[in-house]
Structure formats: C-alpha cells, structure tokens
Amino acid sequence: MIKKGFARGKQRYLCMDCYHKFTYDSHMITSFLKIDVDEFIEICIETLTMVPIHKTAARLNRSKFLSMLEKYLESEKIQLSGTIECDETYVLESSKGSSLKHRKARHRGEPSRFRGISHEQIC
C-alpha cells in the first residue's frame, strides 16, 4: 500500500495488489459526512440522551437482530466484512391466508388505521 495524494483533505492510499484507491474511512459511517467527525460524535451522544429506550430493550433487540442475520447468512452462504450498518423498518402486519378474528381484513395498499408506530406494524 502506498500513499496516493489527497481526497477532500484526507490522505488517499493505493493498494498495489488490486489498485483500489481509498481513504482511511472509506466504506464507513464517516466517509460521506459533510461535518467534522468530532461534531458528528457530539450529535450522536446528544441523540442517545434524548431517545427514551431502556438499555435492556436495546440489548434484546440487538441480540434478536444479530441472531436473525446469522441465520440468514448461513442459509445464503454470504460472507460480510468491514463495517455493516442498518436501520429498522416497520411494515404493516400481514395475515394473508389465515382467518382474522382480532381485526377486519386489510386490502393491499391500504394504510394503517393509526398514525406512527402502532400495534398493527411489525419491525
């Protein structure tokens, strides 16, 4: 690996095996920041203090997600490397093919009856 100039004020490197050019934070959360890294960390800390989630709930959700991801990767024979990031997604509960006793049937494309995150949605 050799130094190969600068990109947006960051030292750029060149891999002599594959000739790939990258900076020290390529493919990481800080690679496309328009603000300073220290300012980004300060914003993250402020956000964490505002989010009303208990540490036990955060840990349980994290372990559920990681076990689900592990099963998926084993079934698909996929190898991940580097920093991997993801966000939660909420979708409406689907009961296709089963009888509904607790609510009326919802048709495709129909919105939820409640605003925001509700009991009708699954993470």
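Rule-based calculations on the coordinates, nothing more; no lab input. Everything quoted here is computed from the prediction, not taken from an experiment. Counting neighbours? That spans all protein chains shown, and the Cβs are built from the backbone with ideal geometry, glycine included.
Once amide H atoms are built 1.01 Å from N in the peptide plane, which residues 5 or more positions from Q121, or in another chain, come under 5 Å H to H?
E93
For A7, which sequence-distant residues (separation of 5 or more, or a different chain) have an amide H within less than 5 Å of its own amide H, given hydrogens modelled in the peptide plane?
Under 5 Å from the amide H of A7 lie the amide H atoms of R12, each far enough along the sequence or on another chain.
For a Förster distance of 22 Å, can you work out the FRET efficiency between the beta-carbons of Q121 and L73, rounded to the nearest 0.05? Kindly include the intermediate steps, with their values, before the conclusion.
Values: r = 26 Å, r/R0 = 1.17.
The value I calculate is 0.30.
Based on other C-beta atoms within 10 Å, arrange V51, V37 from fewest to most. Don't skip to the end; give the middle numbers.
Numbers: V51 7, V37 11.
Going from sparsest to densest Cβ surroundings: V51, V37.
Among K104, K4, K64, rank each residue by its count of other Cβ atoms within 10 Å, from fewest to most, as a rough exposure measure. Don't skip to the answer; put the middle values down first.
On the way: K104 6, K4 15, K64 11.
Listed from fewest to most nearby Cβ atoms, that is K104, K64, K4.
Determine, from the Cβ-Cβ distance of I84 and H54 and an R0 of 25 Å, the FRET efficiency 1/(1 + (r/R0)^6), rounded to the nearest 0.05.
Numbers: r = 25 Å, r/R0 = 0.99.
Here the calculated transfer efficiency is 0.50.
Just to be sure I understand the model, the point goes 7 Å from the Cα along the line to the Cβ. What's the resulting Y19 to H102 distance in nm?
So the label points at Y19 and H102 sit 5.9 nm apart.
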